[in-house]
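No value in this document is a laboratory result; all are computed from the given coordinates. The structure displayed is predicted, hence computed values, not measured ones. Cβ coordinates were reconstructed from backbone atoms using ideal geometry, including for glycine residues, and neighbour counts include every protein chain displayed.
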Ligand code: AMP
Ligand code: ZN
């Protein structure tokens, strides 16, 4: 299996996991861009937003429920960012759908 995030899901490679349930996994980004930088992913290998739209299941709301819970757990009440990069122009490097949760940083740019 070549997908690095699937390998994290299957515990074949180490990640600092901060949340796990049947459908969703969250772990610390290996190259953090903010004091809090977590990745929230479906356990199922969903390549990208295209597949997510086609699958039409509840995974997106599951993911955002986890994001909301983690934002509370990490005391991000004063603000945080949720980012998903789509495609090479956006710099997507891992083809397993993932949402970055960034916080504990003053973001001086809007985008
Ligand atoms: P993206 O560039 O949006 O595709 O994001 C991929 C993210 O995955 C990057 O922020 C990487 O630092 C992160 N990443 C890659 N490999 C690992 C890993 N083994 N453990 C944790 N984070 C990783
Ligand atoms: Zn995968």
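With q set to 0.12, 0.24 Å⁻¹, the log10 of I(q)/I(0) for the range 1-101, from the Debye formula over equal scatterers at the Cα positions, is -0.37, -1.52.
Sorting the segments 92-101, 30-39 by their mean number of nearby beta carbons within 10 angstrom, highest to lowest, gives 92-101, 30-39.
Computed from Cα atoms, the angle from the helix 59-73 axis to the main principal axis of the chain rounds to 30 degrees.
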